[in-house]
Each structure stands twice: as structure tokens, then as C-alpha cells.
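Worksheet: one structure, shown below.
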Amino acid sequence: QVRLEESGGGLVQAGGSLTLACVASGNEFALHSMGWYRQAPGKDRELVATTTSTGRANYADSVKGRFTISRDNGKNTTVVLQMSSLKPEDTAVYYCKTEEVQSYPYRAYDYWGQGTQVTVSS
């Protein structure tokens, strides 16, 4: 069972920066995609940024140029989301997600963290 431990949320003023970290543990198979999603009150959960096991990143248009995701495939895979030039509309609960893949037979499992609150004041 994969466990995702998130850290780094908080309250920041518009224009400020925050860094989120997510550490994965307990995986039996390789972790493929890993990244961050967010959910604001009354809205659907949406992709923020993800990275493949080789470090290829994908960003939502709304965060391109402001957020940077990085990944460390050490003993415990870690992804870090550096957020800058934060806006009030970035306020949401941010969730870490990873995909564990068993090659044979092929099976893929999604795991989610519990979420961390990011609040950007105007």
C-alpha cells in the first residue's frame, strides 16, 4: 500500500511563494506519474502539475510559468511543487497523487494523499 505524505501548505499573500512536498513510501512496484491536483470550494478537482518517472513535466495552463515541479527518485520518491507569483485563485486543497504500475500482469493503481490547504490572500 502506497502512502503519500504531503507538507508545505499554508497562508500566503498574493504574489508570494510556497513550496509543497510529497513523499511516497510503501510501494511494491514502480511509481510512474506523480504530481499535484487541487480542488477549490464548489469546484471539481483539477490537475496542477505532474511528472513522469523520467522527469517529464506537464502543467495546467493556469500555472505555467509560475509553478515548477521536480522529482527525486530516491529510496522514497519525492515530488516538490514550487509555487510563485501566487494568486487568490490558486487557493485550494492541494492533493498529491501517484500511479503504481505492476508490469506483469499489467495493473495500475492510483493513490492520493490527504491534501494540504493553500490559501492566498489578496
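The values are calculated or read from the model by the stated rules, or taken from the named source; none is laboratory data. Keep in mind the model is a prediction, meaning the values are calculated, not measured. Ideal geometry is used to build each Cβ from the backbone, glycine not excepted, and the neighbour counts take in all protein chains shown. The protein model used for the area step is the full one, side chains on, heavy atoms only, and it has no ligands, DNA or RNA in it. Shrake-Rupley method; radii C 1.70, N 1.55, O 1.52, S 1.80 Å.
Numbers for the structure displayed
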{"item": "Top-ranked residue of the range 41-64 - restricted to ones that are assigned to a strand (DSSP E or B) and either touching a Cys at 6+ places or on another chain (Cβ under 6 Å) or open to solvent by 60 Å² or more (accessible area, probe 1.4 Å) (or both), ranked as nearest to residue 4 (Cα to Cα)", "result": "46"}
{"item": "Only listed residue being assigned to a loop (DSSP other than H, G, I, E, B), in contact with a Gly (Cβ under 9 Å, 6 or more places away or on another chain) and over 14 Å from residue 113 (Cβ atoms), chosen from 85, 70", "result": "85"}
{"item": "Residue within the range 26-40 that is modelled with pLDDT of 95 or more, out of contact with any helix residue (DSSP H, G or I) (no Cβ under 6 Å at 6 or more places or on another chain), surrounded by fewer than 14 Cβ atoms within 10 Å (Cβ to Cβ) and at positive phi present", "result": "no"}
{"item": "Close pairs from the range 94-122: first free of Cβ contacts under 8 Å to residues at least 12 places away in the same chain and of a type outside the set (Ser, Thr, Tyr), partner open to solvent by less than 50 Å² (accessible area, probe 1.4 Å) and not in a loop (DSSP other than H, G, I, E, B), Cβ under 8 Å, at least 6 apart", "result": "107/101"}
{"item": "Odd one out for residue 22 among (1) within 28 Å of residue 120 (Cβ to Cβ); (2) part of a loop (DSSP other than H, G, I, E, B); (3) under 15 Å from the mean Cα position of the chain (by Cα)", "result": "(2)"}
{"item": "Qualifying positions in the range 72-93 - touching a residue at least 12 places away in the same chain (Cβ under 8 Å) and open to solvent by less than 50 Å² (accessible area, probe 1.4 Å)", "result": "77, 78, 79, 80, 81, 83, 84, 86, 90, 91, 92, 93"}
{"item": "Residues (open to solvent by 60 Å² or more (accessible area, probe 1.4 Å) and either within 14 Å of the chain's Cα centre (by Cα) or aliphatic (A, V, I, L, M) (or both)) located in the range 94-119", "result": "110, 112, 114, 117"}
{"item": "Every residue from the range 3-19 that is part of a strand (DSSP E or B), of a type outside the set (A, V, I, L, M, F, W, C) and open to solvent by less than 50 Å² (accessible area, probe 1.4 Å)", "result": "6, 10"}
